[in-house]
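Each remark here refers to the structure printed beneath this line.
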Amino acid sequence: MDEGIVRLFHSRELDSLHTRIIGRRIYKYDTIGSTNDAAFMYGVKGEKEGSVFWARAQTKGRGRLGRRWVSHKDKGLYFSLLLRPEAEVKDAAKITLLAGLAMVKALRSFSGLGFLIKWPNDIVIDDKKIGGILTEMDAEVSRVKFIAVGIGINTNLRKSELPIKEAVSLKMLLQKEIPQEALLNVCLKEIDGYYCRFKDGGFPDIIDEARHFSSLWGKQVKINGKEEGVAVDFDDQGALVLRQDNGFRKAIFAGDVELLR
Ligand code: BT5
């Protein structure tokens, strides 16, 4: 896989990338199976946290539960981050939410459009999916060794290239070709800011902020085809809180969300 690297950027080499942790090294690939696999392979070898694995195309881009992520060359931004937070396995969902918030902020500042987080791992606008996050980890008992956070954003895909009708790309929204490196730059800066806050114990503030950018509030949802209720909040662990018909609240820690109305 190492042979596939077409370019290794060192910190600050990407245009004005003044980050503390994220992007100290950026490995750029032409075509790779999955950038999460690259992050994992380097993670196992002891790579420091903050490295970014970025590819022009993926042949085995994946979502959760082995689902496919459409990754045509130069049509999307496909990258993974290697993180080594002092965290327990149960905290991994916090990293997904943090990354979701950072991506929403990055896409908003890049485009001026109102992107939102669709818990747990989608980035949406008007209920259409523009991106997704895949958090995978290596752990020992309950301690995290490292986390690979994979992020895919549809930049230049045309409608006909998207796998589902409830999906969209930046090009479809902005009617222009999207420069990948400029967008990556904005994304890495936002993720760096939130990850540094997370490491300084700032997760409660991150949750507070994420609450302002959820696409689900007030909507009737069904989780994993089972639990139903109205999505009303995130709890302090980043779980989704549903208000059920019987009036009780229930925290959901993971799952697929279906919008009912
Ligand atoms: C996700 O999974 O949304 C996580 C996607 C993460 C992709 C990144 S790219 C860089 C890194 N390397 C990887 O191999 N993966 C990460 P999930 O919630 O399971 O959603 C998957 C579903 O989204 C699929 O079953 C399709 O219905 C839909 N889908 C696939 N490709 C899409 C695309 N390009 N745009 C919108 N929806 C897509």
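In plain terms, the chain from Lys165 to Val241 could stretch by 24.6 nm, reckoned as 0.36 nm per residue minus the Cα-Cα distance.
Suppose we take every Cα in segment 17-99 and form the convex hull; what volume per residue is that in Å³?
115
Stokes-Einstein diffusion for segment 63-137, with the hydrodynamic radius set to the Kirkwood value over Cα pairs and evaluated at 25 °C in a medium of 0.890 mPa s, equals 182 µm²/s. Based on every Cα atom in segment 21-165, Rg and the maximum pairwise Cα distance Dmax equal 14.7, 45 Å. Computed over the chain, relative contact order equals 16 percent, with contacts defined as Cα pairs under 8 Å that lie 6+ residues apart. Take 210-218, 248-256, 129-137 and order them by the average number of nearby Cβ atoms within 10 Å per residue, most first; the result is 129-137, 210-218, 248-256.
Between Lys189, Lys75, Lys222, the residue with the greatest mean-square fluctuation in the GNM of the chain (Cα pairs under 10 Å linked by springs) is Lys222.
Between helix 180-199 and the chain there is an angle of about 60 degrees, using the helix long axis and the longest principal axis of the Cα atoms. Students often get this wrong, so check it: of Lys28/Lys189; Lys73/Lys165; Lys165/Lys189; Lys60/Lys145, which have C-alpha atoms separated by over 22 Å? Table pairs above 22 Å Cα-Cα are Lys165/Lys189; Lys60/Lys145.
Distances between every pair of Cα atoms in segment 127-261, grouped in 10 Å steps from 0 to the bin holding the largest one, split as 10, 29, 36, 23, 3 percent. Dividing the Cα radius of gyration of the chain by its Kirkwood radius returns 0.95 for Rg/Rh. Between 0 and 90 degrees, the angle of helix 35-44 with respect to the longest Cα principal axis of the chain falls at about 80 degrees.
Taking label positions 7 Å along the Cα-Cβ direction at both Glu228 and Ala57, the computed distance is 4.5 nm, reported to one decimal. Farthest towards the positive end of the charge dipole of the chain, among the residues Gly150, Pro204, Val168, is the Cα of Val168, using unit charges on the Cβ of Lys, Arg, Asp and Glu.
Throughout, read-outs are computed from the coordinates displayed, never taken from laboratory work. Remember, predicted model here, so these are calculated numbers, not experimental data. All Cβ positions, glycine included, derive from the backbone under ideal geometry; neighbour counts span all protein chains shown.
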